[in-house]
Amino acid sequence: MRIASRLDRLPVTRRHRYFVAVVGVATFFDLYDLFLAATISTVLSKEFGVTAET
């Protein structure tokens, strides 16, 4: 518990904010990729008449 409490007391620096921003942007694009794949697959399945059974 001593290490965790010491880490909690450390000040937040510019480097921490930079890493949080990089991870946030990467997460956004990862989720956007999933959204785009779902949207495109829906449109293509309607366009070509593909169902889950075929």
Could you state the accessible area per residue of the chain in Å², with a 1.4 Å probe and every protein chain left in place? 103 Å²
Fully extended contour minus Cα-Cα distance, from Val20 to Ala38, at 0.36 nm per residue: 3.8 nm
Would you kindly derive the ³J(HN,Hα) couplings of region 2-11 from the backbone phi angles with the Karplus curve 6.51 cos²θ - 1.76 cosθ + 1.60 (θ = phi - 60°), listing them in order in whole Hz, with x for Gly and Pro? 5, 5, 5, 5, 5, 4, 5, 8, 5, x
Rounded to the nearest 10 Å², the accessible area of Val12 at probe 1.4 Å: 100 Å²
What is the Cα coordinate range of the chain on the first, second and third principal axes, sorted by size from largest, in whole angstrom? 60, 25, 8
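The values are calculated or read from the model by the stated rules, or taken from the named source; none is laboratory data. Just so it is clear, the model here is predicted, and its values are computed rather than measured. Side chains are part of the model used for accessible areas, which takes the heavy atoms of the whole protein and leaves out ligands, DNA and RNA. Shrake-Rupley method; radii C 1.70, N 1.55, O 1.52, S 1.80 Å.
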